[in-house]
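Notes follow once the structure below has been shown.
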Amino acid sequence: MTEASLSAPVTERQPKPPTNSIFRHAIYVVADNPVTGLAFALFVLIALGALVALSGICDRKRIEQAVRAEAPRSFLDLNLDALKAGFALHTQSNTTAAKVEA
């Protein structure tokens, strides 16, 4: 070994991972992998239902109409169930909060 190689910082000798590898992995998890893609989509619909219920930004029927218009027919019932679960989370949290206050 030469003296120059001993003084070089360790980071210069190690290969650096590509900066976009996290994005490639995210695309695989959400878009390319059907199981996790479906799970992520259902999570988003549950969160959407809870946020709509919490904020009151629009009527429940309107958001259901939007889901009916945009969801693939083969997943319509599953998507509506996920939206319903989000609304139920809000109702459940209100019930729990009322019990705590009493």
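Annotation: Ala69 fulfils all but one of (1) modelled with pLDDT under 95; (2) in a helix (DSSP H, G or I); the unmet one is (1).
Inside the stretch 45-87, can you point out the residues that are aromatic (Phe, Trp, Tyr) and either surrounded by fewer than 15 Cβ atoms within 10 Å (Cβ to Cβ) or under 26 Å from Tyr28 (Cβ atoms) (or both)? Full working, then the answer.
Step one: filter the stretch 45-87 for residues aromatic (Phe, Trp, Tyr), giving 75, 87.
The answer is Phe75, and nothing else.
With respect to (1) in contact (Cβ under 8 Å) with a residue 40 or more places away in the chain; (2) farther than 16 Å from Ala85 by Cα, the lone exception for Gly49 is condition (2).
Do we find a residue being out of contact with any strand residue (DSSP E or B) (no Cβ under 6 Å at 6 or more places or on another chain), among the polar types (S, T, N, Q) and farther than 25 Å from Thr91 by Cα anywhere in the stretch 37-56? Within the stretch 37-56, none of the residues are out of contact with any strand residue (DSSP E or B) (no Cβ under 6 Å at 6 or more places or on another chain), among the polar types (S, T, N, Q) and farther than 25 Å from Thr91 by Cα. In this structure, Leu42 does satisfy being in a helix (DSSP H, G or I), surrounded by 12 or more Cβ atoms within 10 Å (Cβ to Cβ) and in contact (Cβ under 8 Å) with a residue 40 or more places away in the chain.
Scanning the stretch 15-37 for residues that are of a type in the set (Lys, Arg) and either part of a helix (DSSP H, G or I) or modelled with pLDDT of 80 or more (or both) returns a single hit, Arg24.
The values are calculated or read from the model by the stated rules, or taken from the named source; none is laboratory data. Since the structure is predicted, the reported quantities are computational estimates derived from the model, not experimental observations. Heads up, the Cβs are rebuilt from the backbone with ideal geometry, glycines too, and the neighbour counts pull from every protein chain shown.
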